[in-house]
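Bear in mind that the values in this text are calculations on the coordinates, not laboratory data. What you are looking at is a predicted structure, and each value in this text was computed from that prediction instead of being measured. Note that each Cβ is placed from the backbone with ideal geometry, even for glycine, and that neighbours are counted across all protein chains shown.
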Amino acid sequence: MKKYSIIVASVSVLIIAFASCKKSYLAEKPYSSYTPLTLNDSLGFEAAAVGLYNYESTILTYSSAQGWPSVWQVGTDVANATANQQGIEVPYYNYAQLTPTDGAASYIWGKYYALINNANIIIKAVEDPSNTKLTAKGKNMIDAEAKFFRAYAYNNLATLFGKVPLVTAPLTAPKTDFVRAPLDQVNNLIISDLTFASTNLSDLNAGTSKLNVQGKPVDRANKYMAMQLLAEAYLRMGKNDLAEQQAQAVISSGKFSLISNRYGVRASGAGDYYSDMFVYGNQRRSQGNSEAIWVIEQENPNSVVGGNTDNAQQRRVWGAAYYNISGMVLCDSLGGRSIARLRLSNWVLYGLYPTGDIRNSQYSIRRRYYINNPTAANYGKQVPFTGPDTLYKICPSTTKWGAFDPNDTFGYAMIKDFMMMRLGETYLLLAEAQVKQGKTTEAANTINVLRTRAQAPQVTSSQMTVDFVLDERARELIGEENRRMTLMRTGTLVDRATRLNSNDAQHPTTGLAAKNLLLPIPLSEIQLNKDAVLEQNPGY
């Protein structure tokens, strides 16, 4: 909320400054513009809608605090920090340091409310009866796209913070009397927005894709994105039967299929069909990924100006720092340069995957390294696992974020796309909804669809619990899902992180308590909200 007050105040200062100056030559009259000046026609709304994707991308690609991706993984059941931790992630495994002044909690609060305000601007403008430049169908599609993003932001805020202020109109003046709305009110807005979005967003029929500046199809909001998000939201709300309906509708639509054959830019090279999904150039529907429901596309800024919103740190965070080993040099086949700000937990590495599971193949989780400098005396021999090197220099790591950019051999930025939703997760949401309703036979059948694709042993109804579904989510979605949010949504963070990942030798998970199922409301927001009480979450 703070950001809005500052922005509005700054605008007011500018208005006063210009109003006091009577010089006519200061009055600007642009005769052309690369951006729309008003939000009342298709061009303006199109630019504003694209801005929502752009803004969400800034959350994912944030680089000022390079440990940002680690915040959502370390201190859970799947990952630990390493010697290369950056700082912002420390309170998320050393929970005693997670206080109302936490930088990560404050950042995500501000970013999601800014995304909500941007969506509200579009919604108000497109629903204005005086706007006659768009057809009713055109208005509904724009409205639906904005409401999808508003619901997406509110669902994440509700998962992370619980009750939050409800803002459904653009902020046009400083506001210092926010109160936290009952969770039922927040949930009702999410349901309303996503129901509208799933009805009015485009289908995935031929000819409905938009084109980017290169004339290639670009992934934009579709009705199945809204349905998948609604399934997740319903699960958080305990509306498991409704969650099942939404997930099943996505699966039964016939628009998506699990990847089960080699495809794309690496089809004839080393690899397997599961790992093919995460190869740069294979992630989008237009590139052959039939599993993709929502992909936020990133372009190499060296070839497309503005193609990347910041310098994403996912590769540096998730990959190993192998080049620090004597005899090892940077190379494309090892995913470029990473620095291992996190390490997969021992539970993931040694206790999660059954024998033969393709999701644990060498092409998805790299466990061995071989000296690759031809001038080295032991060229071609395996790097031995000795001492602290195994904790980050050659720690086993997911390959999902690996990609070598010849324009950035130092490897500061990461240019891969973000797969926000894919069909593999839809099956997991469906199984979770079925388990929570006691439909264990149906849940086993659902899980076995993924197991068949993964060449893993089949499961039975007696194995079906929420814990098993969360295990399977880790197998399928490691490196993709926001694991912290999944465990907070299911109320399992404390149990699973303590039970499965409290014995790390370097940075163990400590101080985790029930209060950490929600994040602290940022103290700065409470202090600026001088005309009403913005209550803090219990325990903080």
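Overview of results
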{"read-out": "Under 14 Å from LYS515, Cα to Cα: aspartates and glutamates that are on another chain or at least 8 residues apart", "value": "ASP495"}
{"read-out": "Between 0 and 90°, nearest 10: helix 183-200 axis offset from the chain longest Cα axis", "value": "90 degrees"}
{"read-out": "The chain - percent relative contact order, Cα under 8 Å, separation 6 or more", "value": "21 percent"}
{"read-out": "Radius 12 Å from Cβ of THR492, net charge of other residues (Lys, Arg +1; Asp, Glu -1)", "value": "+1"}
{"read-out": "Subset of LYS239/LYS530; LYS147/LYS400; LYS137/LYS416 violating a 32 Å alpha-carbon distance limit", "value": "LYS239/LYS530; LYS137/LYS416"}
{"read-out": "C-alpha center-to-center spacing [the stretch 457-488, the stretch 297-375] in angstrom", "value": "23 Å"}
{"read-out": "Protection proxy ranking, peptides 103-112, 179-188, 148-157, average beta carbon neighbours within 10 Å, highest first", "value": "148-157, 103-112, 179-188"}
{"read-out": "Net length gained if the chain between THR375 and LYS137 were fully extended (0.36 nm per residue, minus Cα distance)", "value": "79.2 nm"}
{"read-out": "Whole-number D in µm²/s for the stretch 56-138 (Stokes-Einstein; Kirkwood sum over Cα pairs; 25 °C, 0.890 mPa s)", "value": "159 µm²/s"}
{"read-out": "Local net charge near MET277, Cβ-Cβ under 13 Å (Lys/Arg +1, Asp/Glu -1)", "value": "+2"}
{"read-out": "Full-extension gain in nm, LEU166 to GLU535, via 0.36 nm per residue minus C-alpha separation", "value": "131.4 nm"}
{"read-out": "Point-to-point label distance, LYS124-ASP241, nm (Cα→Cβ direction, 7 Å offset)", "value": "4.0 nm"}
{"read-out": "Additional length obtainable on full extension of the chain from ASP332 to GLN455, 0.36 nm per residue less Cα span", "value": "41.5 nm"}
{"read-out": "Option label - mean projected area of the Cα convex hull in nm² computed here, alternatives (1) 25.0; (2) 27.6; (3) 23.6", "value": "(2)"}
{"read-out": "Proximal aspartates and glutamates relative to LYS111, as straight alpha-carbon distance under 12 Å, when same-chain residues fewer than 8 apart are discounted", "value": "GLU56"}
{"read-out": "Rg(Cα)/(2.2 N^0.38 Å) for the stretch 214-373, N = residue count", "value": "1.24"}
{"read-out": "Only Lys, Arg (+1) and Asp, Glu (-1) charged, at Cβ; the chain dipole about Cα centre in debye", "value": "480 debye"}
{"read-out": "Leading residue at positive end of dipole, the stretch 435-540 (Cβ point charges), from LEU512, PRO457, GLY491", "value": "PRO457"}
{"read-out": "Peptides ranked, highest mean first, by Cβ atoms within 10 Å: ranges 167-178, 60-71", "value": "60-71, 167-178"}
{"read-out": "Segments 512-518, 267-273 sorted - mean Cβ within 10 Å per residue, highest first", "value": "512-518, 267-273"}
{"read-out": "Principal-axis tilt of helix 223-237 within the chain, Cα atoms, nearest 10 degrees", "value": "80 degrees"}
{"read-out": "C-alpha long axis of helix 240-252 to longest principal axis of the chain, angle in °", "value": "80 degrees"}
